[in-house]
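The values are calculated or read from the model by the stated rules, or taken from the named source; none is laboratory data. For clarity, every value in this text was computed on a predicted model and none was experimentally measured. Glycine also receives a Cβ, built like all others from the backbone with ideal geometry; neighbour counts cover every protein chain displayed. To get the accessible areas, we keep the full protein, side chains included, count just its heavy atoms, and leave off ligands, DNA and RNA. Shrake-Rupley method; radii C 1.70, N 1.55, O 1.52, S 1.80 Å.
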Amino acid sequence: MKGSDLKIKNLSKSFGDTQVLKNISFRVKKGELFSILGPSGCGKTTLLRIIGGFEDPDEGRILMDNQDILELAPNKRGVNTIFQNYALFPHLSVYENIAFPLRIKKYTDGEIKEEVERYLVLARLQDHIRKYPSQLSGGQKQRVAIARALVNQPNILLLDEPLSALDAKLRQHMLIELDSIHDDVGITFIYVTHDQQEAMSVSDYMAVMNKGEILQVGTPSEIYEKPVNAFVADFIGETNFIEGKVTEVGETTGRISVEGLGVLTVDKDCPINVGDRVKLTIRPEKIRITKKEPVFATNPEQFNVIKGKVDEVIYTGFQSKFFVKVNAKYLFRLIKQHVKYYLDEAPISWKDEVFIWWNCDDSYLVEVSAS
Amino acid sequence: MRKNYGKLYTAPVLLWLTVFFVIPGLIIVVFSFLKKGLYGGVVWKFSMEAYRALFQPAFLKVVLVTVYISVVSTFLTLLLSIPVAYFIARSKAKNILLLLIIIPFWTNFLIRIFAWIAILGNNGFLNHFFISIGLFPDYIQLLYNQYAVILVTVYTNLPYAILPLYVNVEKFDFSLLEAARDLGATKSQAIFRIFLPNIKVGIITAIIFTFIPALGSYAIPQLVGGADSYMVGNIIARELTINRNWPLASSMSVILTLVTTVAILFFVNMKPGRTMTRTAVQAKAKV
Ligand SMILES: Nc1ncnc2c1ncn2[C@@H]1O[C@H](COP(=O)(O)OP(=O)(O)OP(=O)(O)O)[C@@H](O)[C@H]1O
Ligand SMILES: [Mg+2]
């Protein structure tokens, strides 16, 4: 099995006075597609450059298959990078760009032809072999960069926002292609992006970074459903935040009092005590909306119902997004899937008085601070 | 219909080139096919004598020396200029460094050569220095040989090589070197396979700016050269002024012009011959 295991241990890096990476640790297992997600400027590229060997960390270690690689030059690491700007060689044709690592390794022309052709097919570039980088579209450039990196048979492929230069549709397409290439070659991919949907749709595991720190590492669904703090919840998809004070603590649930919303039931996702201040996140797709007040046959105490007024509706065919105003402080976003023929319903529209409600099981406590 | 007066604007330049370049050039070509006058000048009689005289071993040797000195000094100039251009392009103080490159132009060319005589002469700074630190007991002959000619030629050519190289290095995307390293290249492989090919235009321009003038050198070998470093330019001057053989001086000039033209054509054709880039094609399509 190809691919390597990578362990990052307590990595720190400063440029002058600004600390760009703070005590970064994580592990990527062999063959995984691991993505690093974070806003612009949070240190993602710096982290990749350290792994690639183009920057030295101030502290910390990087172990590849349990061997420290920090002392190795970039060309000795078995790591290849797809740079943010692709970095194709402008004076070489597509064919020669891909052949470059093999020429360095002194392969014969015959071997080079065989290998390059294999990756030309993989990256679907057969029709462009004689072109120069300036004659290629963004998506083609990216595929050349991928083929050039893969032909070298690295153990780990680092991808630095490889899709950021492409338009939305092509990005979707390339993402699927990247994923299938990952399945084909089976090596470890470390994929850096600031686009959460991109990261979620392809990753086995992902790390969320902000301001040089890793906030959370987990599977996409873990991170989406159980964010460790408000930043992660907000960064990964849309959400609603509710702040309140714990008034009652039960076996599996608690009650919080929220200014402007009254008393709500919450799941005890973490230990809470009466008097704690808490922050709750509830995703838009988990809130329901009806014109009539809902009646619950079982466990009515599990549900939170709030009355509000529709502020805006965005209809997008398969679903609608609602902004429901409860009061000056709380404007809820929620999404309703149109699972029935829409024109048969009496649609909820602008300025309608509505009830929004959710099961306390579907919200998540992201922050608790003892009083 | 509007008339196109565009060509009219080129008239002054055309006139200039005709009067000061084409006509004198033609005169030289014509003179080279005439007989030598007794005290200079020409006798208006067709003769190939001036060309036959070129095949003397002495003259051929001078041609070889000229080419040799030009090649060596061009090579050394490039060797020194590429790292300098690289350094300037990557430096934060680009403008100041470029200014420093240009400052020598503020001094007359001949005065700069005389400055070298003051440095290299038997009584010059270098010899003083060597003797004072006891390196040599007596002065050593630094001037009036090929090395002095090459040294001063390289010195005068450096700015002409550094500036076009700088322009190209400046445009070079240095992340390509990291990409090359990433793909397995060593530092020197990255330089030779990625950096140099990408600044090729600058290198060729630098060669044209240094090799061509070197071929036509006159002042430098005249002032700091010796018997081993007579160049074609010196021989032409000698034939013209001392031996008063104008046809021979003319035929030598014709040959020098031919060699230079061939060299220029050669280097210009080395410029990127590959297919036009997409942007160039698009730009053309728009016109
Ligand atoms: N060579 C450098 N010298 C000084 N500061 C630097 C250097 N390289 C990066 N930085 C700073 O480090 C921080 C992190 O940069 P980095 O390029 O790693 O961000 P990023 O997460 O990749 O952002 P983006 O998503 O925009 O690419 C930024 O604030 C940047 O200004
Ligand atoms: Mg970046």
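Tabulated data for the structure shown
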{"quantity": "Complete set of residues in the range A:10-52 that are within 11 Å of ligand 2 (Cβ to nearest atom) and either among the polar types (S, T, N, Q) or over 21 Å from the mean Cα position of the chain (by Cα) (or both)", "calculated": "A:Ser40, A:Thr45, A:Thr46"}
{"quantity": "For A:Ala233: the one exception among (1) within 16 Å of ligand 2 (Cβ to nearest atom); (2) under 12 Å from the mean Cα position of the chain (by Cα); (3) in a helix (DSSP H, G or I)", "calculated": "(1)"}
{"quantity": "Unmet requirement for A:Tyr132, which otherwise passes all of (1) more than 9 Å from chain B (Cβ to nearest Cβ); (2) surrounded by fewer than 22 Cβ atoms within 10 Å (Cβ to Cβ); (3) free of Cβ contacts under 8 Å to residues at least 60 places away in the same chain", "calculated": "(1)"}
{"quantity": "Residue list for the range A:29-68, restricted to those being surrounded by fewer than 16 Cβ atoms within 10 Å (Cβ to Cβ), near ligand 1 (Cβ under 8 Å from one of its atoms) and either of a type in the set (S, T, N, Q) or modelled with pLDDT of 95 or more (or both)", "calculated": "A:Ser40"}
{"quantity": "Qualifying residue in the range A:187-199 (condition: more than 16 Å from ligand 1 (Cβ to nearest atom) and surrounded by fewer than 19 Cβ atoms within 10 Å (Cβ to Cβ))", "calculated": "no"}
{"quantity": "Scope the range A:55-75; condition over 23 Å from A:Gly31 (Cβ atoms) and within 12 Å of chain B (Cβ to nearest Cβ); matching residues", "calculated": "A:Glu55, A:Ala73, A:Asn75"}
{"quantity": "Which numbered condition A:Gly78 misses (of (1) in contact with a helix residue (DSSP H, G or I) (Cβ under 7 Å, 6 or more places away or on another chain); (2) within 14 Å of chain B (Cβ to nearest Cβ); (3) away from ligand 1 (no atom under 14 Å from the Cβ); (4) touching a residue at least 24 places away in the same chain (Cβ under 8 Å))", "calculated": "(1)"}
{"quantity": "Residue in the range B:168-178 that is charged (D, E, K, R) and surrounded by 18 or more Cβ atoms within 10 Å (Cβ to Cβ) present", "calculated": "yes"}
{"quantity": "Positions within the range A:99-118 being within 10 Å of chain B (Cβ to nearest Cβ) and of a type outside the set (D, E, K, R), in sequence order", "calculated": "A:Phe100, A:Pro101, A:Leu102, A:Ile104"}
{"quantity": "Residue selected from the range B:183-198 under the condition more than 7 Å from chain A (Cβ to nearest Cβ) and out of contact with any helix residue (DSSP H, G or I) (no Cβ under 9 Å at 6 or more places or on another chain), by the criterion least open to solvent (accessible area, probe 1.4 Å)", "calculated": "B:Ser188"}
{"quantity": "Qualifying positions in the range A:170-186 - out of contact with any Ser or Thr (no Cβ under 9 Å at 6 or more places or on another chain), free of Cβ contacts under 8 Å to residues at least 60 places away in the same chain and open to solvent by less than 70 Å² (accessible area, probe 1.4 Å)", "calculated": "A:Met174, A:Glu177, A:Leu178, A:Ser180, A:Ile181"}
{"quantity": "Matching option when the condition is touching a residue at least 24 places away in the same chain (Cβ under 8 Å), farther than 18 Å from A:Pro101 by Cα and within 11 Å of chain A (Cβ to nearest Cβ), among B:Val201, B:Val224, B:Val232", "calculated": "B:Val201"}
{"quantity": "Answer residue from the range A:153-169, given it is under 17 Å from A:Phe189 (Cβ atoms) and open to solvent by 20 Å² or more (accessible area, probe 1.4 Å) and is farthest from the other protein chains (Cβ to nearest Cβ) among those", "calculated": "A:Ser164"}
{"quantity": "Enumerated strands (runs of 3 or more DSSP E) restricted to the range A:261-326, each holding at least 3 residues that are within 25 Å of A:Asp234 (Cβ to Cβ)", "calculated": "A:262-267, A:277-282, A:303-315, A:319-325"}
{"quantity": "Cβ-Cβ under 7 Å pairs, at least 6 apart or on other chains, the range A:29-52 side within 14 Å of another protein chain (Cβ to nearest Cβ), far side away from ligand 2 (no atom under 11 Å from the Cβ) and among the acidic types (Asp, Glu)", "calculated": "A:Thr46/A:Glu55; A:Arg49/A:Glu55; A:Gly52/B:Asp182"}
{"quantity": "Residues of the range A:248-276 satisfying the condition of being exposed (fewer than 15 other Cβ atoms within 10 Å of the Cβ) and hydroxyl-bearing (Ser, Thr, Tyr)", "calculated": "A:Thr252, A:Ser257"}
{"quantity": "Selection status of A:Ala370, surrounded by fewer than 13 Cβ atoms within 10 Å (Cβ to Cβ), farther than 26 Å from A:Glu222 by Cβ and not basic (Lys, Arg)", "calculated": "no"}
{"quantity": "Qualifying residue in the range A:101-117 (condition: within 30 Å of the chain's Cα centre (by Cα), modelled with pLDDT of 90 or more and crowded, with 23+ Cβ neighbours inside 10 Å)", "calculated": "no"}
{"quantity": "Breaking point among (1) within 16 Å of ligand 2 (Cβ to nearest atom); (2) away from chain B (no Cβ under 13 Å); (3) closer than 30 Å to A:Ile69 by Cα, for A:Tyr86", "calculated": "(2)"}
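Rundown of residues vs (1) touching a Phe, Trp or Tyr at 6+ places or on another chain (Cβ under 9 Å); (2) within 14 Å of chain B (Cβ to nearest Cβ); (3) in a helix (DSSP H, G or I); (4) away from ligand 2 (no atom under 16 Å from the Cβ), yes/no style:
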| residue | (1), (2), (3), (4) |
| --- | --- |
| A:Arg171 | no, no, yes, yes |
| A:Glu177 | no, no, yes, yes |
| A:Val192 | no, no, no, no |
| A:Glu198 | yes, no, yes, no |
| A:Gln216 | no, no, no, yes |
| A:Tyr224 | no, no, yes, yes |
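Here is a yes/no grid of residues against (1) of a type in the set (A, V, I, L, M, F, W, C); (2) within 16 Å of ligand 1 (Cβ to nearest atom):
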site: A:Gln135; (1), (2): no, no
site: A:Val144; (1), (2): yes, no
site: A:Arg148; (1), (2): no, no
site: A:Asn155; (1), (2): no, no
site: A:Ala165; (1), (2): yes, yes
site: A:Ala168; (1), (2): yes, no
site: A:His173; (1), (2): no, no
